[in-house]
Amino acid sequence: MMKKILIICFGMVLLHSCQDLDLEPESVFSDGQLWQQEVDYERAVNLLYPSLGVHGFRDNDSDLAAGADNNAISNGSRTAPPTSNFFNDSYNSIRDANFVIDRAIANGFEDSRFVAEAKWFRALYYFRLIYVYGDVPFFTTVLDPGSEDLFAAKTSRETIVNFLLEDLRAIAPVLPLQSEIADAELGRISRGAADALRARIALFEGTWVKYHGTPGNTEALLGEAVEASQEVISSGEYELYVHAPDPDISYQAFYSEFGNDSKQQIVARRYDAQNTHFFSNGAVDGPGSPTRKLADMFLCTDGLPIDQSPLFQGRDLMADEFIDRDRRMTMNIVPPGFPSINRFDQEGVLEDFPTPASSRTYYRNYKFVSLIYSTATGDLQTFYYHLLHYPEILLTNAEALYELNGSITDNQLNSTINLLRARGGVAPLTNGLVSANGLDMLEEIRRERSIELIHEGFRRGDLRRWRTAEVQMPQALKGVQFVGTEFETAMLPEGGLRYPALPPFIDDATGDVIVEPESQRSFNPNRDYLDPFPTEEIIINPNLEQNPGW
C-alpha cells in the first residue's frame, strides 16, 4: 500500500471526508480488534496529517499585509467570539492524538515511531493554543465525557511548554532522519521535524518570558532554541533550495511545485495531481497586498536600508524602488510591467501598474504564485503548504544566539542569516557593517525574519513576543507613494480617470496611499497580547477564566 502522506483520503479501513477534521478514532476502531500491531498506530496517526494546515495569507492580521477588507484583529476592533473553530478543532485533534498515545501505553507500543508522531502532533496543537491564548486547559490523556477534569482551570503556559519540550526531546531519537524515510513514506514526521518544532516553541516562549516577564527560565529556553536549531543545521539533512535553471529565483521557486520534497522542506502538507488546489490563481490579486512598511524593509544590495543607501533610486517611476534591492523584494512584490501572468492560464504580461481591484496598497503580491503553467481551474497546482522549512531554522538560530548572549559573531551570521542574504543578492550582515552605519544588530536580525517568512503567519506573533505590537500595530497601513509619482500621472491622465476608483485615502502631507489610517487602528497592551477565549467556552466551563481585558 502506498503510504505517502498526501492530501488524499488515506488508504485505511475508514471512510472519512478529506475535509472532516472532527475525527473520533475511538468510535471507529474497536479495541478488541485493533491496537495489537504497529500498523494500527500508523493508520490512526495518518488521520492527524490533514491538520497540518492549508495554503493562506496569514499576515493580514499584522502591519505588513492588507487583505481585501480591514482586519478586525489587525486594527484592534474585534470582540470576544461566541465560538471558535480553531479552539474546538485544536482540542478535538489533541483528543485524537491522546487516544493513540493512550492505546499505545495500554498495549506496550510506547516506543513506536508512529506513537512518536502522535506526540509530535500533540505538541503542535498545544503550541498553537499557547501561541494564541497563553495559559490553556491541559490534558494528556483521553477523558470520559462525564469527567470533572473536563472542566479544569487553565494550566500555566510554563508548565505546558516544559512538557512539550521534554516530549519533543524524547521522541527525536525514535523518529527517522529525513534521509532514512523511504520514497513511499515521504511526508511523515522526521527527527528534524521534532527538533524544528522544539526550536520554534523554545524561541517563542524564551522571548515571551524575556519581554513579558511571565514565569519561566529565559536563558534555558533560548539555550534550547539554539541547541534544537543547531541539531537541525548540523544534521546535514536540510539546505536552502537552489533552482537549477535560475538560482536567482530560488526563493520564489521553493513555494512553487519546484520546492516540493526539496531539502529545504522539513514538514509540509503534500498534494498530488489528483488533489490540487486553486490558491495560486488568486494569489496575485488582493488577498495579501504588501504594505509600504514591508516594501521599505527590503535592503539595497549593499546591505543598507533605503534611508541610508546611495543605491536607492526613489519612487518617481513605479519601477524605481525595485532597482538594486534584495531579490526577495521582486519575488514578494510584482514589479510594475513584470512579465508575469495572473492566473497562468493565458499568455501575456501584467499591466504597467496595479489596479485598485488588484491591490488596495498598489503593491501586488507575488509569493505563492505558481511558476508552472496551469489551466483556468488550477488542476496542475500541486505545490505544498510548508509548515516548517529550513530558513526558519537559520533565523531561529541567529535570533536565539543574539537574545541569549547579547551578541553574535560574524561566523555565526555567515552560517545562518547570510545564507539567506546571499540568495537575495544582498551584502552580508556583519558586526562591522552594523557598527559603521549605526544599525542595530537585533533589528537587522528581526528584519531578515520578517521579509523571509512574510505571509506565513509569523509577523503578528513576532510583534507580540517581542512586545513591540503596541508600537507597530496602531500605525497606519500605507501603500505606494501616489502624489508626485508615475502612479498619479498614470491614474489621472489628461481626459479623466483611467479607473473609476482611486485609492481609499491619500495622505495630504506625504502623498501616500492610506489603506487604513492610524485613527482607525489601535492596540490595547493590557488586552491584545492574548486572544479572547470563546464566550460559550467560558459558560460551559466556569473554571475557564477569560483572558485579561476581554
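With a Förster radius of 45 Å applied to the C-beta separation of D69 and Q546, the computed FRET efficiency comes to 0.95.
Per residue, how much accessible area does the chain have with a 1.4 Å probe, in Å²? If you can, show how the numbers build up before the last one.
Details: 21750 Å² over 550 residues.
I get 40 Å² per residue for the chain.
For the residues W550, W466, a 1.4 Å probe over the protein chains yields an accessible-area ranking, largest first, of W550, W466.
Can you tell me the FRET efficiency between A244 and I539 if r is taken as the Cβ-Cβ distance and R0 is 45 Å, rounded to the nearest 0.05? Present the calculation step by step, with values, prior to reporting the outcome.
On the way: r = 57 Å, r/R0 = 1.28.
The value I calculate is 0.20.
Think of the chain as having a plus end and a minus end, set by charges on the Cβ of Lys, Arg, Asp and Glu; of V480, A65, L530, V480 sits farthest toward the positive end of this dipole.
With the convex hull drawn around the C-alpha atoms of the range 410-550, the volume per residue stands at 215 Å³. For the chain, the longest principal axis of the alpha carbon atoms and the long axis of helix 85-107 meet at an angle near 30°. Computed with a 1.4 Å probe over protein heavy atoms only, the accessible area of E518 comes to about 120 Å². The charge dipole of the range 99-172, taken about the Cα centre with unit charges on the Cβ atoms of Lys, Arg (+1) and Asp, Glu (-1), comes to about 300 debye, rounded to the nearest 20. A straight line joining the Cα centroids of the range 138-170 and the range 172-225 runs 19 Å. For the chain, the longest principal axis of the Cα atoms and the long axis of helix 113-133 meet at an angle of about 50 degrees. Here's the picture: charge each Lys and Arg Cβ at +1 and each Asp and Glu Cβ at -1 in the chain, and of S51, L429, S309 the one pushed furthest to the positive end of that dipole is S309. Here the range 407-550 is treated with +1 on each Lys and Arg Cβ and -1 on each Asp and Glu Cβ, and its dipole about the Cα centre works out to around 400 debye. Take E239: with every protein chain present and a 1.4 Å probe, its accessible area is about 90 Å².
What FRET efficiency would be calculated for the residue pair T489, L177, taking the C-beta separation as r and a Förster radius of 45 Å, to the nearest 0.05? Provide the component values of the computation, followed by the final result.
Values: r = 58 Å, r/R0 = 1.28.
Result of the calculation: an efficiency of 0.20.
Could you tell me how many degrees, from 0 to 90 and to the nearest 10, lie between the Cα long axis of helix 390-405 and the main elongation axis, the longest principal axis, of the Cα atoms of the chain? Helix 390-405 and the main axis of the chain meet at about 90 degrees.
Here the accessible area is traced with a 1.4 Å probe on the protein chains. For the chain, carbon and sulfur cover 51 percent of it.
The values are calculated or read from the model by the stated rules, or taken from the named source; none is laboratory data. Because the structure is a prediction, the values reported are computed rather than measured. Please note: Cβ atoms are built from the backbone with ideal geometry, for glycine as well, and neighbour counts cover all protein chains shown. Heavy atoms of the whole protein, side chains included, go into the accessibility calculation; ligands, DNA and RNA do not. Shrake-Rupley method; radii C 1.70, N 1.55, O 1.52, S 1.80 Å.
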